[in-house]
Amino acid sequence: MDFGETNPVAKPKPAYTTKDGSQIRELWHPGHDGGGAMSLAQATVEAGAQTRRHRHIVAEEIYYIVSGAGVMERGAEQFAIEAGDTVRIPAGVTHRVMASALTPLVILCCCAPPYHHDDTQIL
């Protein structure tokens, strides 16, 4: 069976800072890893820090909170998030996360279509 991938196993890339200010390690991205219609990354927001309010015009995201706790702002809503929570962010919806002062917030971010800097609007 052909899944359209040049390599079915990807190694994490070096971390970089995205437009929203979080540290990202790409775990899978079709542009680098050979196929697919979504991307997966691990984001880290340092203790007491927050990402910049932003939105993605085309991409929908799902955040899975791996560790830490904080507050998610999604549109007009604000709510607590902690390890084990999953949050869907529809395309076009403004969002940001704020990590608690105690520990970094680590999030798995799945984007469909795949994450692309040009799709991120800082507000």
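The values are calculated or read from the model by the stated rules, or taken from the named source; none is laboratory data. Keep in mind the model is a prediction, meaning the values are calculated, not measured. Glycine also receives a Cβ, built like all others from the backbone with ideal geometry; neighbour counts cover every protein chain displayed. Surface accessibility is based on the protein's heavy atoms, side chains included, excluding ligands, DNA and RNA. Shrake-Rupley method; radii C 1.70, N 1.55, O 1.52, S 1.80 Å.
Descriptive notes on the structure:
- Close amide H partners of Ile81, meaning residues 5 or more places away or on another chain with modelled amide H under 5 Å apart, are Gly70, Val71, Met72.
- Under Karplus coefficients 6.51, -1.76 and 1.60, residue-wise ³J(HN,Hα) of the stretch 75-88 in Hz, glycine/proline x: x, 8, 8, 9, 8, 6, 10, 8, 3, x, 7, 10, 10, 9
- Rolling a 1.4 Å probe across the protein heavy atoms gives the chain an accessible surface of 54 Å² per residue.
- Once Cα Rg over 2.2 N^0.38 Å is calculated for the structure shown, the corresponding label among [x] 1.04; [y] 0.99; [z] 1.11 turns out to be [x].
- In this structure, the amide hydrogen of Leu27, modeled 1.01 Å from its nitrogen in the peptide plane, lies closer than 5 angstrom to those of Leu40, Ala41, Gln42, counting only residues at least 5 positions away or on a different chain.
- Label positions at Gln121 and Ala69, each projected 7 Å from the Cα along the C-beta direction, are separated by 3.4 nm.
- Ellipticity estimate at 222 nm from DSSP helix runs (n ≥ 4, -39,500 (n - 2.57)) divided over the chain, nearest 500: -500 deg cm²/dmol
- Asp85 versus Tyr16: modelled label distance in nm, points set 7 Å from Cα along the beta carbon direction: 2.9 nm
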